[in-house]
Amino acid sequence: MTGKVILFHPPYDGPPLGPPLSLLSLASPLVHAGMSVCIVDGSIEPDFKSVLAREIRDAVCLGISLLTGRMILCAIDVAQFVRQLRPEVPIIFGGWHPSLLPEQTLKEDRVDIVARGQGERTLFETVIQLQEKKSLESVQGISFKAEGRSIHNPDRPVENINNFPPPAFEMGNFDAYERVTGVRKLPYASSLGCPYACHYCTDQVFYNRRFNAYTAARVVAEVTDLVSRYRLTDVALLDSNFPVNVKRAVEIASGFIQSGIKFRWTFQASTDLLCRMTDDEVRMLAESGVAHMGFGTESASEEVLQLMNKKHQRIDEMFETARKANVAGIRVTFNLILGYPGESEKDRLDTFRTMTQISRMYSNVRFSPNIFTPYPGIPIWPQLREMGVKEPQSLEEWADVSLGSNHLPWLQGEDLRRLSEMLQYFMLDTRRSLLTGQELNRGLQEVC
């Protein structure tokens, strides 16, 4: 099969982790079928429009993968740029944001097709139909424009990811990413989805609380091969919640150790799952190369955890997670959400004081606080509308909704000033004030 597909990844805030895994995954079935694929990553290609102008001349279509936030503006700009060069080339938007809001995304003039959900087979079938100039009505999982109206084909059933070929890692220019970041790092997903139903999280909407994971044997074989082949020093697992299957997680760590290949790796998890591991198993994680773990603790207020629907989250397990990681010598980051609907100032103080206590006991813990972000599709949007949050009415308006931005009517003026001041005290140098607790506690008392 001949033909060329252009896949574009808009740049985003901060340095890139490495080659965009989403595009490598989409490229793999196309490459296996003999098609030509050109991946353009705006994060490392400053003159990406020149590259697109050159490559689009003989392309079947342009695919753009994007998240909610500032990536949207670049995606729209690139779509307009390509439309001017070759008006007849179909432009496909996919990824988290278009999948969550396909109808609204399709209203954008420069978007012809939206690929929803799992994209590997959906994009492959779409490209075949486009190349053969056949109707798109048979392709599951897409929304598209035809004769002035939007058509939403049935969803594509979720497929076991073990059925897919490995992402096209050979298309990732690790040398180029090392020049930008100084690290030879591999973004890798050993699983998709999380079984929990946190009200602020889009994961449950996107994956319907299904945990879809590679076998431990496949993870060990692929990762160790990639580390050796591309001389990688770091692997960042992009899993929503890596140790959902604790036995599988331990088998992966054991397999890395047995391979004899040394590298650092990181993952995200929930504290309840790490607490199901023994101290020896957590030490095994460290021995296998785990250098850092991130946890969505979000709050240390029982009331707020209930509002978030985090029934699996216990405050005592936050302490136990920090202890286990500290014993193993693994760095930990506890993510915090501030300004969640219904959170009071007392709730925030409870969170700050608990986290201060944890940091005083365990020097391996750091914190990443952010104001609650109302992402598309989350279950509490009816409540948010009642509380005065303005929901973006177009694809372009969603560009302003990014991590750290404040769209909360109840967190403005004096309330925001007080939170900012408390946060400043909380985030004082953790190796001095935070570890002793003296200055921080006095500062919080003064604010309150």
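The values are calculated or read from the model by the stated rules, or taken from the named source; none is laboratory data. Since the model is a prediction, treat every value here as computed from it, not as a measurement. Positions of Cβ are generated from backbone atoms using ideal geometry, with glycine treated the same way; all protein chains shown enter the neighbour counts.
For Ile261, the conditions (1) closer than 17 Å to Pro187 by Cα; (2) of a type in the set (A, V, I, L, M, F, W, C); (3) outside any helix (DSSP H, G or I) are fulfilled apart from (1). The single condition among (1) in contact with a helix residue (DSSP H, G or I) (Cβ under 9 Å, 6 or more places away or on another chain); (2) farther than 18 Å from Leu192 by Cα; (3) free of Cβ contacts under 8 Å to residues at least 40 places away in the same chain; (4) not β-branched (Val, Ile, Thr) that Arg264 does not satisfy is (1). Looking at segment 318-330, is at least one residue modelled with pLDDT of 95 or more, among the β-branched types (Val, Ile, Thr), buried (at least 18 other Cβ atoms within 10 Å of the Cβ) and not assigned by TED's automatic domain parsing to the domain that holds Ile72? Looking through segment 318-330, at least one residue is modelled with pLDDT of 95 or more, among the β-branched types (Val, Ile, Thr), buried (at least 18 other Cβ atoms within 10 Å of the Cβ) and not assigned by TED's automatic domain parsing to the domain that holds Ile72. Condition first: out of contact with any Leu (no Cβ under 9 Å at 6 or more places or on another chain) and closer than 15 Å to Gly18 by Cβ. Can you find one or more residues in segment 232-241 that meet it? Yes; the residues of segment 232-241 include at least one that is out of contact with any Leu (no Cβ under 9 Å at 6 or more places or on another chain) and closer than 15 Å to Gly18 by Cβ. There is no residue in segment 207-219 that is in contact (Cβ under 8 Å) with a residue 40 or more places away in the chain, in a helix (DSSP H, G or I) and in contact with a Phe, Trp or Tyr (Cβ under 9 Å, 6 or more places away or on another chain). Within the option set Thr105, Thr122, being assigned to a helix (DSSP H, G or I) and touching a residue at least 60 places away in the same chain (Cβ under 8 Å) holds for one residue only, Thr105.
Name the one entry in Leu419, Leu408, Leu384, Leu403 that is without any contact (Cβ under 8 Å) to a residue 60 or more places away in the chain and either in a loop (DSSP other than H, G, I, E, B) or among the aliphatic types (A, V, I, L, M) (or both).
It is Leu384.
Please indicate, with yes or no, whether at least one residue in segment 354-362 is of a type outside the set (A, V, I, L, M, F, W, C) and outside any helix (DSSP H, G or I). Taking every residue of segment 354-362 in turn, at least one turns out to be of a type outside the set (A, V, I, L, M, F, W, C) and outside any helix (DSSP H, G or I). Looking at the structure I just gave you, is Val114 assigned to a strand (DSSP E or B) and modelled with pLDDT of 95 or more? So Val114 fits the description; yes.
Out of curiosity, is Leu349 surrounded by 14 or more Cβ atoms within 10 Å (Cβ to Cβ) and at pLDDT 95 or above? For Leu349, the condition - surrounded by 14 or more Cβ atoms within 10 Å (Cβ to Cβ) and at pLDDT 95 or above - is not met.
Of all the listed residues (Gln424, Gln393, Gln383), the sole one being at pLDDT below 95 and among the polar types (S, T, N, Q) is Gln424. Number of residues in segment 64-102 that are under 23 Å from Asp13 (Cα atoms), of a type outside the set (S, T, N, Q) and part of a helix (DSSP H, G or I): the value is 14. Are any residues in segment 312-356 among the aliphatic types (A, V, I, L, M) and more than 30 Å from Arg385 (Cβ to Cβ), and if so, which ones? Selection gives Ile315, Met318, Ala322, Ala325, Val327, Ala328, Ile330, Val332, Met355.
For segment 143-168, the tally of residues that are β-branched (Val, Ile, Thr) and touching a helix residue (DSSP H, G or I) at 6+ places or on another chain (Cβ under 6 Å) stands at 0. Note on segment 129-185: among residues that are acidic (Asp, Glu) and in a helix (DSSP H, G or I), the one that is surrounded by the most Cβ atoms within 10 Å (Cβ to Cβ) is Glu178.
Name the residue, out of Thr278, Thr233, that is among the hydroxyl-bearing types (Ser, Thr, Tyr) and more than 29 Å from Tyr177 (Cα to Cα). From the options Thr278, Thr233, the qualifying one is Thr278. Applying the criterion of being closer than 13 Å to Phe174 by Cβ and not β-branched (Val, Ile, Thr) to the residues of segment 220-235, the residue that is nearest to the chain's Cα centre (by Cα) is Asp234. Of Asp347, Asp316, Asp272, all but one fail to be free of Cβ contacts under 8 Å to residues at least 60 places away in the same chain, touching a His at 6+ places or on another chain (Cβ under 7 Å) and part of a helix (DSSP H, G or I); the exception is Asp272.
When every residue of segment 31-41 is checked against the conditions, at least one turns out to be outside any strand (DSSP E or B), farther than 22 Å from Phe174 by Cα and among the hydrophobic types (A, V, I, L, M, F, W, C).
Might you let me know whether segment 19-29 holds any residue that is part of a loop (DSSP other than H, G, I, E, B) and touching a helix residue (DSSP H, G or I) at 6+ places or on another chain (Cβ under 8 Å)? Yes, there is a match, as at least one residue in segment 19-29 is part of a loop (DSSP other than H, G, I, E, B) and touching a helix residue (DSSP H, G or I) at 6+ places or on another chain (Cβ under 8 Å).
In segment 1-22, the residue that is surrounded by the most Cβ atoms within 10 Å (Cβ to Cβ) out of those that are closer than 20 Å to Gln118 by Cα and out of contact with any Phe, Trp or Tyr (no Cβ under 8 Å at 6 or more places or on another chain) is His9.
Any idea how many residues of segment 325-356 are more than 17 Å from Thr271 (Cα to Cα) and of a type outside the set (Phe, Trp, Tyr)? The number of residues fulfilling the criteria is 14.
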